[in-house]
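Everything below concerns the one structure shown next.
The values are calculated or read from the model by the stated rules, or taken from the named source; none is laboratory data. Given the structure is predicted, the values throughout are model-derived calculations rather than measurements. Areas reflect the complete protein model, heavy atoms only, side chains present, ligands, DNA and RNA absent. Shrake-Rupley method; radii C 1.70, N 1.55, O 1.52, S 1.80 Å.
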Amino acid sequence: MKFLDINFMNQQQELATLAALIHDLRKHKKYTIKDLADKIGRSVGFLSQVERGLSRPTVADLTAISETFG
């Protein structure tokens with residue numbers, strides 16, 4: 001049981017790190033959440049949840065975000 005708790009925490013930490021990275025890159029590029037959401041074809045609500053670590057982006061989402069940021 002302890003192993004599962006540690007694994008879950010690692011996943012939560014990774015998601016939080018990814019969320020912060022996406023948020024920071026978006027701010028650095030001076031995009032609003034709506035700007036980025038429109039460019040990647042996702043809703044503002046979904047992207048907001050991703051940036052707060054509440055939703056997990058798909059590989060396709062991450063690819064679109066990466067291509068948008070260059």
When the scattering of the chain is computed by the Debye formula from its Cα atoms alone, each counted once and equally, what is log10 I(q)/I(0) at q = 0.17, 0.24 Å⁻¹?
-0.59, -1.03
Multiplying the sequence separation of Leu62 and Gln12 by 0.36 nm and subtracting their Cα-Cα distance, what value in nm do you get?
16.3 nm
Could you work out the Rg to Rh ratio of region 31-70, with Rh taken as the Kirkwood radius (inverse of the mean 1/r over all Cα pairs)?
0.92
Residue-level accessible surface for Ser43, protein heavy atoms, 1.4 Å, Å²:
60
Extended-chain gain in nm, criterion 0.36 nm per residue less alpha-carbon gap, Lys29 and Gln49:
5.3 nm
